[in-house]
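A.B. asks: Sharing a structure, written as structure tokens. Questions coming.
The values are calculated or read from the model by the stated rules, or taken from the named source; none is laboratory data. Values in this document were obtained by computation on a predicted structure and should not be read as measured data. Surface areas here come from the heavy atoms of the whole protein model, side chains and all, with no ligands, DNA or RNA. Shrake-Rupley method; radii C 1.70, N 1.55, O 1.52, S 1.80 Å.
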Amino acid sequence: GIGARNLQECLIIQIKRKLKDNEDDEILNLTLTIISDFFDTFSKKHYQKLKNKLDINDEQLRQVINEVLKLNPKPGNCYS
């Protein structure tokens, strides 16, 4: 994610890297979909809209949020 142009791209790069090792992971794939296609909705915490649009439950959304929290929003900081 160091060469990313914005936060969304940074997160997508990190999620895709995780998916290389575990491409069948349902939550990682859902996380990628949400960050790729619904980033504004997610970042504004409009969680009910996400649940309705993607037909997901509270537990799935909680797992997605936990995955995003594990990502580094500023991966280049370790080099400065």
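A.B. asks: In terms of solvent-accessible area of protein heavy atoms at a 1.4 angstrom probe, what is the ranking of K44, K49, highest value first?
C.D. replies: Listed by decreasing accessible area, they come as K44, K49.
A.B. asks: Which value, in Å² and to the nearest 10, is the accessible area of R62 when all protein chains are kept and the probe is 1.4 Å?
C.D. replies: 110 Å²
A.B. asks: Tell me, what is the per residue accessible area of the chain in Å², probe radius 1.4 Å?
C.D. replies: Ligands and nucleic acids excluded, the figure is 68 Å² per residue.
A.B. asks: What is the angle, in °, between the Cα long axis of helix 58-70 and the longest principal axis of the Cα atoms in the chain? Nearest 10 is fine, range 0 to 90.
C.D. replies: With rounding to tens, the tilt is 10 degrees.
A.B. asks: Let me know the shape class of the range 1-43, please: from the alpha-carbon gyration tensor, a ≥ b ≥ c as square roots of the eigenvalues, rounded when a/c is under 1.5, otherwise prolate if a/b is greater than b/c, or oblate.
C.D. replies: oblate
A.B. asks: In addition: Tell me the carbon and sulfur percent of the accessible area for the chain, rounded to whole percent, probe radius 1.4 Å.
C.D. replies: That fraction is 47 percent.
A.B. asks: Continuing with the same structure: Tell me the angle of helix 7-21 to the major Cα principal axis of the chain, expressed in degrees between 0 and 90 and rounded to the nearest ten.
C.D. replies: Tilt of helix 7-21: around 80 degrees.
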